[in-house]
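The values are calculated or read from the model by the stated rules, or taken from the named source; none is laboratory data. As the structure is a computational prediction, the values presented were derived from the model and not from experiment. No Cβ is skipped: glycine too gets one built from the backbone with ideal geometry, and neighbour counts run over all protein chains shown.
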Amino acid sequence: MSSSLYSIGLSGLQSSNARINTTGQNTSNVDTEGYSRQRTDTTSSPVGGVVLRDTSRLVDNFVSSQVRTDTSTFSYYDAYQSMISTSDNLLAEDSISLNTYLNKSFDALQTVNNDPTSSSLRQLAHSSLQNLVQQYHVLSGVVSDQEGLVDEQLSSSLEDVNAITSEISNLNGKILKQEGLSISPANELRDQQELLAKNLSKYLDINAQFNDKGLMTIQLANGQPLVMDQYPTKITVRPNPLQPKKIDLAVNFGDYEVGLKTQGLGGSVGGLIDYRSEFSVYADRTLGQHAIALADAMNTQNKKGIDANGEFGQNLFSLGKINVYSSSDNLHKVKNISVKVSDGQSAKITKDTFELTRTDDNHFSIKKFDLNGQSTEKPITFDPSTLAKDSDGYFTIEELGIDLRLADINEIDSDDVFRFTPTEGAAKGLSLFAKNGEALALSAPIAVNTSSDNLSDAKISLTSVTNTNPESSAFSSDGPLYPSAPHEIYFTSPSSYVVRDASGVEIASVSNVTQYTKLLEQAGLSEEAGFDVSVSSKPHRGDVFTMSTDNLGVSDNFNGLALADLQNKSVVAGKATLMKAFSGFISYVGSKTAEIEGHADASKIVMDESVARRDRLSAVSLDEEAVNLLKYQQSYSASAQVVTAARTTFETLLGIMR
């Protein structure tokens, strides 16, 4: 019996001592980040006393997984918010608002229309347009600066990710070694590993699992492995020659690498990539579409008038080169492909990316991809040999509003792929082509005259000028109307008239006239003439009205008013005015920012609750540990008393035997 008491007392001492050590370990690590409180378990021995089992960590793998998931979600929105809120603050600033500069430019055009002969007013208008161009550059710079910041943060984040995965892999090796030499689990090492996994979840949405050896493995949410036992991988940025502004990632396995899907990465890395691919690209292309619409509308209208030097107006703005991209093997072929926006067709320009491929010996195909990289429309197929080309070799793809030139078709193979995005960087590439205010074509290119011999009070007026191209209008390259063009309208009765050329030859007749507007359109001549006229009231028989380029008024502002009125025209995608389009963009930025901020606030609450739930189980409570310490001290003293009692009993028995 005494030996049994010795055994029982000794096992009690060992058990209490182990639990006191565990309590001391917990207490000393109360402020250690990632530490999970430990508990030493025991079981009753069949022969009496207590048997020590292992000292385990109090963790719930499900709760830990939820903490990582919620941490990843919050980090995603937090990173996205930090970028987009900065963009929102900058783009919405009144001092750099594009609408402010648009207003100033169009106000200056209105002012110069009051006195088209004033060189000073013309120069002020020119300066306003130059300031407008600079503002496009400022806004484009805001977007590109944010892109650069994203690239820097992403590079730093990937370095951290690779360091963490490497350390998790190293800990797997240490855990395997330590637990192989001892029956006790490597609790502290596993705590470090759990903390690393949590830190990794700040960057990426991950799944942490344990293999049959009990070692941690890490996969992305899409299943891509990052840590396999003791073999880490490395995430790198991989250039995309077809879309240089797009961020592509690859997972390096040492001997080879595999492309990584960037959708749904989660964490701050996912937030940065999504900001760049969603908002940043959208902002750049939106500003580019806006700049293209402005330049094309102003250029088209200016060409319909006469400038201060008495010549047809030229382009006021110029757009930068549209970059064409291809694979690294085909870069030498890119020089054979040129793209530009078709004159007067900016309403057809979208934010899409276009992919050009060759389908057979004669045909090419262009496929559209939206901002999400999805192709939603049927490809456009064409045969370049059947399309009319201009003097520079460009032919028009009317459906897309672009002109395309293929310098050497034979060099392009069927498996070659070329991509271009007309709106990409267009705001940065915008420049003022006009050298001075004299280039503003404020005057009409044609004068109209009412014969003094007319019997009625009807007066002729110029209704519109739609085309001054010498190849497709009544205007010759040096200014005067072609002899065969409409020069005179003669009313044969109050309800009928004929149109005559410069020689007096009748080229059209109209009867049953009830409206006296757009007379050339009624005669079927307005499109080929490039202009139209109206009379103010019902003419009499014999009334004559003439049209010519002689004696153009130096103070005429017909085309200048049309230039100024572009402020009110739906020139952006054919749906919105310049100011309305920019206001819509700023509203989108504000709405998107508010949406992301809402998600960030909500995800933080969820994350904090998950962390609190984990702490309720795994964090050290000093009050609880103090109670445990007192209990185990008492247990130790009691076990010591059992040993003392056993010794006394044994000594008594020895005394009896003597």
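Before moving on, here are some points about what is shown:
- Criterion (closer than 29 Å to ALA564 by Cα and free of Cβ contacts under 8 Å to residues at least 12 places away in the same chain) met by exactly one of SER156, SER95: SER95
- Matching residues in segment 365-380 - criterion: being touching a residue at least 24 places away in the same chain (Cβ under 8 Å) and either not in a strand (DSSP E or B) or not assigned by TED's automatic domain parsing to the domain that holds ASN336 (or both): LEU371
- Unmet requirement for ALA163, which otherwise passes all of (1) assigned to a helix (DSSP H, G or I); (2) among the aliphatic types (A, V, I, L, M); (3) in contact (Cβ under 8 Å) with a residue 12 or more places away in the chain: (3)
- Restricting attention to segment 612-628, the residues being buried (at least 17 other Cβ atoms within 10 Å of the Cβ) and assigned to a helix (DSSP H, G or I) number 4.
- Among the residues listed as LEU52, LEU13, the single one being among the hydrophobic types (A, V, I, L, M, F, W, C) and in contact with a Phe, Trp or Tyr (Cβ under 9 Å, 6 or more places away or on another chain): LEU13
- Looking across segment 43-67, the residues that are polar (S, T, N, Q) and either part of a helix (DSSP H, G or I) or on the phi > 0 side of the Ramachandran plot (or both) come down to ASN61, SER64, SER65, GLN66.
- Within segment 177-224, tally of residues that are more than 29 Å from GLY271 (Cβ to Cβ), touching a residue at least 40 places away in the same chain (Cβ under 8 Å) and surrounded by fewer than 16 Cβ atoms within 10 Å (Cβ to Cβ): 2
- A residue that is over 26 Å from the mean Cα position of the chain (by Cα) and among the charged types (D, E, K, R) can be found somewhere in segment 373-386.
- Residues in segment 381-405 that are among the charged types (D, E, K, R) and part of a loop (DSSP other than H, G, I, E, B) were compared, and the one that is farthest from THR423 (Cα to Cα) is ASP383.
- Tabulated pairs, segment 594-617, first under 23 Å from ARG37 (Cα atoms) and modelled with pLDDT of 90 or more, second aromatic (Phe, Trp, Tyr) and part of a helix (DSSP H, G or I), C-beta under 8 angstrom, 6+ apart or interchain: MET607/PHE74
- Filtered residues of segment 41-51 (kept if within 15 Å of ASN21 (Cβ to Cβ) and surrounded by fewer than 16 Cβ atoms within 10 Å (Cβ to Cβ)): ASP41
- Checking segment 415-422 against the condition returns a match, with at least one residue being assigned to a loop (DSSP other than H, G, I, E, B), exposed (fewer than 15 other Cβ atoms within 10 Å of the Cβ) and in the same structural domain as THR359 (by TED's automatic domain parsing).
- Odd one out for LYS304, checked against (1) crowded, with 23+ Cβ neighbours inside 10 Å; (2) part of a helix (DSSP H, G or I); (3) out of contact with any Leu (no Cβ under 7 Å at 6 or more places or on another chain): (2)
- Test: residue in segment 22-42 that is assigned to a loop (DSSP other than H, G, I, E, B), in contact with a strand residue (DSSP E or B) (Cβ under 6 Å, 6 or more places away or on another chain) and in the same structural domain as ASN628 (by TED's automatic domain parsing): yes
- In segment 217-276, of all residues being in a strand (DSSP E or B) and of a type in the set (Val, Ile, Thr), the one that is nearest to SER328 (Cα to Cα) corresponds to VAL237.
- Any hit, segment 598-607, residues being of a type in the set (Ser, Thr, Tyr) and either under 30 Å from ILE460 (Cβ atoms) or in a helix (DSSP H, G or I) (or both): yes
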